[in-house]
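Okay, structure first, notes after.
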Amino acid sequence: MSDVTRTKHGRPVHHWRRDLVELAALFTAVAVADAVANLIGHGPDGAALLVISAVVLIATAGFHTWWARRHNHAPPTADDADARPAGHPTEHSAGATALWRMRTTVRDEPGSLAALCTALAHGRVDILSLQAHPLAEGTVDEFLLRAPEELSAAEITRGVSHAGGSGTWIERADAHDLVDAPTRILGLATRTALDAAELPLALRQLLGRCTIRSLPATSQDAAAADATDGAPVEGALEGTVLRLRAPEGEVITVERPYLPFTPTEFARARALVELDTRLGPRIPRSQDVLTLAEGNSITVRRADTTDVEAAKAMHDRCSRRTLSMRYHGPVHDADRYLNHLLSPRFGRTLAVQTASGRIVGIGHLLWDGDETEIALLVEDEWQRRGIGTELLGRLVALAVEASCESVYAVTQASNTGMVAAMRGLGLPLDYQIEEGTLVITARLDATPVISRPPYDASFEPQRAE
């Protein structure tokens with residue numbers, strides 16, 4: 001006999017009246033059994049009747065045990081469901097789920113957010129995180145949701161709309177979105193502080209899919225600086241466009257046509273740009289010393305605008321054909337591109353230099369809106385020694401670390417060396433040829449992050465700081 005029937009507020013509830021009734025029934029049963037035994041035991045068939053009574057009692061006890069077990073495994077009543085602790089799994093929680101990122105605008109009045117959360121709960125949608133972006137009128141709420149796999153984006157949006165949400169935007173999320181916003185922003189700030197080339201990537205990861213352009217400072221006066229191609233010192237927020245200004249006059253433009261920016265996002269982006277400008281030019285100074293197959297030692301390191309003159313000197317030593325293969329235009333304009341190509345604002349550059357300090361090869365990883373371009377130039381005398389393959393592998397590793405989905409190289413169809421190097425990556429490739437121009441795109445979604453490509457065994461690297 002159990003005197004505990006259910007729990008309330010996490011504590012067992014004892015029913016003393018039920019205990020008293022059961023105890024009285026027990027004493028009554030014992031008294032009746034004793035009277036029956038005395039009556040039957042003195043009769044002619046008393047022994048047989050006692051045996052039959054024992055069998056009946058055993059059968060009754062077995063039936064009672066079966067009935068009790070069946071009762072204990074019955075579906076919970078409404079009271080039992082209410083008493084279930086918060087977070088207890090239900091029959092619906094065992095199915096497959098999907099992650100969603102959602103934004104919607106709600107009225108700035110009490111109860112608006114509660115109505116929205118109630119609507120999501122009715123659809124068995126779990127709210128994992130919530131960020132509020134206040135506006136002049138209303139609030140933009142950004143959710144990370146976990147919903148049943150069978151629940152479509154249209155159904156979620158419809159429920160949110162009925163609850164008062166407007167301008168709803170939703171897309172699939174992944175495990176990376178589970179990191180809370182402060183931690184993610186601090187990580188982006190740390191990456192930006194260590195490397196100036198990280199700023200465009202940090203802005204893209206902070207603001208989602210967007211196009212980032214950087215315009216160098218010009219000699220225009222202050223009035224012209226506020227025109228459409230400029231920005232005020234404090235920056236400008238114009239719907240789906242952000243304009244941010246560095247102290248030296250450079251203008252960074254961020255465009256996201258599919259979703260307007262909020263003042264909160266504008267403040268976060270401006271803080272990252274201010275951090276970058278206060279720290280000034282910087283690149284990681286680590287380098288690798290490698291030994292070529294013929295015994296020559298070379299150094300691979302990051303390069304920036306301080307290497308412009310050395311890069312121009314390499315241009316002078318390159319043949320017209322080599323420069324034409326790289327720049328696809330008049331070779332006498334090649335020097336004009338170097339300030340842009342070597343700027344950390346537009347990507348990352350690796351330089352290969354000899355023991356004497358002469359640069360003999362340059363590889364660029366260039367941010368091109370939502371895409372990423374790879375470009376190589378190796379001095380004629382140093383070609384066919386594996387330098388291009390080494391640069392290409394390292395640039396691809398940098399692209400993977402930057403979470404790029406693909407990289408593309410633009411070259412001429414006759415540039416068999418570049419084609420062979422791209423094929424040597426062992427990645428899925430797409431080819432597009434138009435009027436002699438070849439565009440090779442490599443997909444990186446399944447590529448592991450590596451500090452150095454493992455496929456070229458002709459080098460013996462020695463780490464140097």
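Key figures for this structure:
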{"item": "Interatomic Cα distance distribution for segment 269-328, bins of 10 angstrom, percent", "result": "16, 27, 34, 17, 6, 0"}
{"item": "Probe 1.4 Å, accessible area per residue of segment 225-357, Å²", "result": "46"}
{"item": "Virtual spin-label span in nm between D333 and A181, 7 Å along Cα→Cβ", "result": "4.5"}
{"item": "Solvent-accessible area per residue for segment 132-214 (1.4 angstrom probe, square angstrom)", "result": "48"}
{"item": "Residue-count net charge about V254 - beta-carbon cut-off 9 Å; Lys, Arg +1, Asp, Glu -1", "result": "+3"}
{"item": "Contour excess over end-to-end distance, with Cα ends at A293 and A114 and 0.36 nm allotted per residue", "result": "57.6 nm"}
{"item": "Calculated from backbone phi, Karplus (6.51, -1.76, 1.60) coupling profile of segment 437-444 in Hz, x at Gly/Pro", "result": "8, 10, 10, 10, 10, 10, 8, 10"}
{"item": "Förster-model FRET efficiency, 41 Å R0, D316 and E234, C-beta, rounded to 0.05", "result": "0.40"}
{"item": "Burial ranking of peptide ranges 178-186, 266-274 (average Cβ count within 10 Å, highest at the top)", "result": "266-274, 178-186"}
{"item": "Pairwise FRET efficiency - E401 versus I127, Cβ, R0 = 35 Å, nearest 0.05", "result": "0.65"}
{"item": "Accessible-area composition of segment 269-362, carbon plus sulfur, in percent [1.4 Å probe]", "result": "49"}
{"item": "Built amide H within the under 5 Å cut-off of S129, gap 5+", "result": "L144"}
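The values are calculated or read from the model by the stated rules, or taken from the named source; none is laboratory data. On a predicted model such as this, the values are computed, not experimentally measured, just so you know. So basically every Cβ, Gly included, is an ideal-geometry build from the backbone, and we count neighbours across all protein chains shown. When the accessible area is computed, the model is the full protein with side chains, heavy atoms only, and any ligands, DNA or RNA have been set aside. Shrake-Rupley method; radii C 1.70, N 1.55, O 1.52, S 1.80 Å.
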